[in-house]
Structure formats: structure tokens, C-alpha cells
Amino acid sequence: MVTLRALTLDDAPALTRVYSGASIRHTTGKPLTLDQAHEKIRAALARAAETPRAQWSWGIVTEDELIGLIALRRRTQSMGTISYILREDSWGHGYATHAANHVVSAAFTTAGLNRLEAMHHPDNPASGRVLVKAGFTRIGTSDWHGDDGTTTPYELYAREAADT
């Protein structure tokens, strides 16, 4: 069983495990240090106290172990984005799909959004399958510009509140 919960500073070591190895292959490609994990958690806790709220972050937990992170970001008054990352050894068990479905529900109820968007690296089709299972539809590509000057056409997905 998978649950979502608020992050705590005690999650920093587990978060460094999430942001390492194959899990980061299609992200920054850089492992998260313990200091960076603490800062990421502190930033999430600070954003949780903001009004109006623009970002939500949840730890993805199974058997009392943090195995991932999922976030919802308000981009406009009515549109938001979701993103997620799971520790490599937890792939293929439906945890990301379960978490995405919970966040979609929160986005269209608690956050009052009407549209969600998400994207994934073209070499990570499993992430696209998660989005489809969560009710998203592929709508095209969007160029992502890396820190190294490269451009990658990410797969872009969307879901409307009426689809819930």
C-alpha cells in the first residue's frame, strides 16, 4: 500500500536515495546531497505555509519508507503541473500511478484547478504510462533547455477537471 504525507526533515537521508542512480537519469542527472535534501524539504515546508498556496509536495511512502516525491505546482489561477520521482527499486509496482491519482484529485478539489499538465523525458516512456493511467492525454512536445545548453523535446500531457 502506498500513502502520501508531508515531508519532514527526518526524510532527508531517504530523499538522497530517491534522487540518485537511475532515478535521476532523466532529470538533472546529479545526485542530491544530504544538505540539498534538507534544503529541498525546508523549502517545501515553507511553501506549505504560504497563502495563497502555490505548491504542494508529498512524500510517497510504502511500508513506512519514503520511496518518492510528488509535487503539484500552481502555474496560473486555474492551471497546475505535477511532477514525481521514485526510487529505482520501487519502479513497476503502481506507486507513481497511485500517487498521481491522489494528486489529480487534490488539484481539482482542494487546489481548485481546472487543468493539469505534466511532461516526461522521451527516453522514459514508463512515466508517460503513469500519466495516461492517471487520466492524462498526450498533447505534444515541449522543448526543455538543459543547463549544458542542450535542448530536449519532452512529451507533454494534459488533463482537464471535467475528466475527473
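The values are calculated or read from the model by the stated rules, or taken from the named source; none is laboratory data. Here the structure is a predicted model, which means the values were calculated and not measured. As a convention, Cβ positions derive from the backbone with ideal geometry for all residues, glycine included, and neighbour counts pool all protein chains shown. Quick note on the areas: whole protein, heavy atoms, side chains included, nothing else; ligands and nucleic acids left out. Shrake-Rupley method; radii C 1.70, N 1.55, O 1.52, S 1.80 Å.
Brief remarks follow.
- Of the candidates 81, 62, 76, the single residue that is at negative phi and loosely packed, with under 13 Cβ neighbours inside 10 Å is 76.
- Scanning the range 70-77 for residues that are among the hydrophobic types (A, V, I, L, M, F, W, C), farther than 20 Å from residue 155 by Cα and either touching a Leu at 6+ places or on another chain (Cβ under 6 Å) or not in a loop (DSSP other than H, G, I, E, B) (or both) turns up nothing.
- Hits in the range 2-26 - residues which are under 13 Å from residue 88 (Cα atoms) and either surrounded by 13 or more Cβ atoms within 10 Å (Cβ to Cβ) or of a type in the set (D, E, K, R) (or both): 14, 15, 16, 17, 18, 19, 20, 23, 24, 25, 26
- When residues of the range 138-164 are limited to those that are touching a helix residue (DSSP H, G or I) at 6+ places or on another chain (Cβ under 8 Å) and open to solvent by less than 70 Å² (accessible area, probe 1.4 Å), the one farthest from residue 100 (Cα to Cα): 155
- Residues that are farther than 30 Å from residue 108 by Cβ and not acidic (Asp, Glu), drawn from the range 146-164: 146, 149, 150, 151
- Qualifying residue in the range 41-56 (condition: polar (S, T, N, Q), closer than 23 Å to residue 13 by Cα and in contact with a strand residue (DSSP E or B) (Cβ under 7 Å, 6 or more places away or on another chain)): yes
- Of the strands (runs of 3 or more DSSP E) contained entirely in the range 100-164, those carrying at least 1 residues that are touching a Gly at 6+ places or on another chain (Cβ under 6 Å) and of a type in the set (A, V, I, L, M, F, W, C) fall at 115-120, 151-160.
- Of all residues making up the range 111-128, the number that are open to solvent by 50 Å² or more (accessible area, probe 1.4 Å), in contact with a Phe, Trp or Tyr (Cβ under 8 Å, 6 or more places away or on another chain) and modelled with pLDDT of 95 or more: 1
- Candidate set from the range 86-108 (those that are touching a strand residue (DSSP E or B) at 6+ places or on another chain (Cβ under 7 Å) and hydrophobic (A, V, I, L, M, F, W, C)); member that is nearest to residue 32 (Cα to Cα): 86
- Close Cβ contacts (under 6 Å, 6 or more residues apart or on different chains) running from residues in the range 53-71 that are closer than 18 Å to residue 117 by Cα to residues that are basic (Lys, Arg) and open to solvent by 10 Å² or more (accessible area, probe 1.4 Å) comprise 54/74; 55/47; 55/73.
- Scanning the range 84-110 for residues that are more than 24 Å from residue 16 (Cα to Cα) and open to solvent by less than 10 Å² (accessible area, probe 1.4 Å) yields a count of 2.
- Qualifying residue in the range 10-31 (condition: under 20 Å from residue 159 (Cα atoms), in contact with a Leu (Cβ under 9 Å, 6 or more places away or on another chain), touching a residue at least 24 places away in the same chain (Cβ under 8 Å) and of a type outside the set (Gly, Ala, Ser)): no
- Considering residues of the range 32-51 that are assigned to a loop (DSSP other than H, G, I, E, B) and in contact (Cβ under 8 Å) with a residue 12 or more places away in the chain only, the residue least open to solvent (accessible area, probe 1.4 Å): 32
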